[in-house]
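*Asks:* The structure's right below; bear with me while I get my questions together.
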């Protein structure tokens with residue numbers, strides 16, 4: 001009995017000691033948050049919702065309501081000016097819409113990618129996701145080595161050679177739309193272009209035929225699940241600790257495992273082909289293998305590193321292009337006069353040809369303007385962030401080092417300060433003779449860390465749009481939402497549901 005009382009006494013003392021340590025740690029954290037506030041509170045910004053959580057309750061409320069957090073950023077930028085402070089716990093994020101600062105920071109290699117965000121993308125709920133891939137690598141030397149090896153897969157010479165695949169995969173979409181037009185079936189254009197862009201990236205990047213318009217596949221759902229999980233993992237610190245979310249978290253982990261196990265299988269197949277002396281293309285998969293620097297006796301980390309880039313390209317190579325195409329179709333459906341003008345250009349450049357050439361793409365000037373204007377209002381990857389390791393002055397405001405700056409192409413693209421009547425869809429803003437936007441339009445980011453695949457994406461988008469406009473008339477089904485869904489990338493919430501009909505060239509000619 002005495003021993004039991006002694007043990008109970010020790011346990012009580014231990015609990016009290018741990019509570020005391022917790023109190024000291026909590027008090028220290030409070031003082032650290034207070035210090036952070038005092039360091040950056042001279043910067044304009046909205047009132048905090050909470051001392052600890054800062055502005056995160058606003059974000060979570062918006063997310064749970066299915067809203068677009070970037071609309072909140074736009075409202076704050078218009079209210080508080082070119083630099084706006086945002087607090088979350090002890091972190092400070094500055095929303096910057098100053099073109100001079102955008103140029104200074106994004107065009108330089110001395111401002112590294114945001115440690116907090118890109119560290120969060122390494123794993124999703126303890127399952128490795130993007131790891132040290134080309135998008136998330138923060139160390140400049142590591143990134144530069146990868147970029148240099150990947151460049152040949154995105155050279156203009158290699159991209160020219162992809163036109164056959166772009167045409168072939170786009171033709172499969174035209175065949176599907178022909179069936180839907182004949183059967184008078186409504187077309188969910190977001191779903192269809194997602195299938196095409198995923199088909200394209202699988203074929204041209206990894207040498208694999210998915211044929212998603214004809215076959216069921218787990219990949220589209222896996223990508224969507226990963227992106228949804230990414231949003232919650234980055235924006236809600238407590239998401240994974242709530243039991244009601246555990247089933248979804250397991251689905252996210254399973255989706256990550258599916259993508260990485262698929263990548264491992266495809267990489268092994270390609271390595272075997274290389275070892276056997278088979279001729280292999282200089283595609284992304286071959287370049288991914290080269291990034292590891294070895295073909296024999298690879299370590300586990302080497303293999304994981306290759307899979308990081310596989311997942312990066314597999315997702316980034318299709319998601320944003322599909323969303324851009326869907327938004328473009330949506331806006332053309334809402335603006336018949338622009339639709340007629342771009343169809344006229346396609347008729348003049350492409351005529352009745354089935355295969356679109358690389359040279360044809362350069363002649364589709366107005367279609368390029370339409371696609372650029374789509375990305376101004378709907379930048380599917382809405383922004384990028386950088387850490388600021390040294391003091392900076394933004395619009396006359398002193399910014400102490402140690403803060404993160406967020407640059408939002410979504411915010412800048414919708415501000416009257418940069419674009420007159422910004423919500424009006426007007427492709428003439430990008431007419432060859434129009435003044436170029438000065439560091440306020442960057443849907444693919446800017447500088448050394450700009451998107452490697454932007455030319456690839458725009459070539460693919462042009463081929464798909466040109467064939468669609470060449471063959472079909474489409475009208476938006478009434479009553480659907482034209483809102484923007486924020487799921488890490490931006491996509492049309494309503495899916496862009498259209499009625500599709502074959503073009504009647506004889507009737508169109510008679511009406512002219």
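The values are calculated or read from the model by the stated rules, or taken from the named source; none is laboratory data. None of the values given here were measured: they were computed from a predicted structure. Reconstructed Cβ throughout: ideal geometry from the backbone, glycine too, with neighbour counts over all protein chains shown.
Okay, residues lined up against (1) more than 28 Å from residue 329 (Cβ to Cβ); (2) touching a helix residue (DSSP H, G or I) at 6+ places or on another chain (Cβ under 7 Å); (3) modelled with pLDDT under 95; (4) surrounded by fewer than 18 Cβ atoms within 10 Å (Cβ to Cβ):
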| residue | (1), (2), (3), (4) |
| --- | --- |
| 118 | yes, no, yes, no |
| 132 | yes, yes, yes, no |
| 139 | yes, no, yes, yes |
| 166 | no, yes, yes, no |
| 183 | no, no, yes, yes |
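*Asks:* Please enumerate the residues belonging to region 229-248 that are under 24 Å from the mean Cα position of the chain (by Cα) and farther than 15 Å from residue 126 by Cβ.
*Replies:* Passing the criteria: 231, 235, 236, 238.
*Asks:* Identify the residue in region 386-418 that is out of contact with any strand residue (DSSP E or B) (no Cβ under 8 Å at 6 or more places or on another chain), in contact (Cβ under 8 Å) with a residue 40 or more places away in the chain and crowded, with 20+ Cβ neighbours inside 10 Å and, among all such residues, is nearest to residue 39 (Cα to Cα).
*Replies:* Only one residue fits best here, namely 412.
*Asks:* With respect to residue 457, determine if the residue is at pLDDT below 95, touching a helix residue (DSSP H, G or I) at 6+ places or on another chain (Cβ under 8 Å) and surrounded by 18 or more Cβ atoms within 10 Å (Cβ to Cβ).
*Replies:* In short, yes.
*Asks:* Do we have any residue at all in region 332-348 that's in a helix (DSSP H, G or I), buried (at least 22 other Cβ atoms within 10 Å of the Cβ) and within 27 Å of the chain's Cα centre (by Cα)?
*Replies:* Scanning region 332-348, I find at least one residue that is in a helix (DSSP H, G or I), buried (at least 22 other Cβ atoms within 10 Å of the Cβ) and within 27 Å of the chain's Cα centre (by Cα), so the answer is yes.
*Asks:* Could you tell me whether region 72-80 includes any residue that is surrounded by 14 or more Cβ atoms within 10 Å (Cβ to Cβ), free of Cβ contacts under 8 Å to residues at least 24 places away in the same chain and under 24 Å from residue 482 (Cβ atoms)? Let's see the steps before the verdict.
*Replies:* To start, the set of residues in region 72-80 that are surrounded by 14 or more Cβ atoms within 10 Å (Cβ to Cβ) comprises 72-74, 76-78, 80.
Then keep just the ones that are free of Cβ contacts under 8 Å to residues at least 24 places away in the same chain; that gives 72.
Add one more test, that the residue is under 24 Å from residue 482 (Cβ atoms), and what stays is 72.
Yes, region 72-80 contains at least one residue that is surrounded by 14 or more Cβ atoms within 10 Å (Cβ to Cβ), free of Cβ contacts under 8 Å to residues at least 24 places away in the same chain and under 24 Å from residue 482 (Cβ atoms).
*Asks:* Look through region 466-482, keep the residues that are within 25 Å of the chain's Cα centre (by Cα) and modelled with pLDDT under 95, and return whichever of them is surrounded by the fewest Cβ atoms within 10 Å (Cβ to Cβ).
*Replies:* Selected residue: 481.
*Asks:* For region 145-159, give me each residue that is over 15 Å from residue 306 (Cβ atoms) and touching a residue at least 40 places away in the same chain (Cβ under 8 Å). Before you say what the answer is, go through the steps one by one.
*Replies:* At the first step, the residues of region 145-159 found to be over 15 Å from residue 306 (Cβ atoms) are 147-148, 151-152, 154-159.
Within region 145-159, 147, 151, 152, 154, 156, 158, 159 qualify.
*Asks:* Also: Assess whether residue 209 counts as being assigned to a helix (DSSP H, G or I) and free of Cβ contacts under 8 Å to residues at least 12 places away in the same chain.
*Replies:* When the stated conditions are applied, residue 209 does not pass them.
*Asks:* Would you check which residues across region 18-45 are part of a loop (DSSP other than H, G, I, E, B) and either buried (at least 17 other Cβ atoms within 10 Å of the Cβ) or on the phi > 0 side of the Ramachandran plot (or both) and list them?
*Replies:* 43, 45
*Asks:* Report yes if some residue within region 47-54 is assigned to a helix (DSSP H, G or I) and without any contact (Cβ under 8 Å) to a residue 60 or more places away in the chain; otherwise report no.
*Replies:* Scanning region 47-54, I find no residue that is assigned to a helix (DSSP H, G or I) and without any contact (Cβ under 8 Å) to a residue 60 or more places away in the chain, so the answer is no.
*Asks:* In addition: Scan region 147-161 for residues that are surrounded by 12 or more Cβ atoms within 10 Å (Cβ to Cβ) and either within 23 Å of the chain's Cα centre (by Cα) or under 24 Å from residue 494 (Cβ atoms) (or both) and report the count.
*Replies:* Adding up the residues that qualify gives 9.
*Asks:* Okay, moving on. Would you please list the contacts, defined by Cβ atoms under 6 Å and residues six or more apart or on different chains, that run from a residue in region 102-118 that is outside any loop (DSSP other than H, G, I, E, B) to a residue that is modelled with pLDDT under 90?
*Replies:* If the second residue must be modelled with pLDDT under 90, the pairs left are 113/138; 118/136; 118/138.
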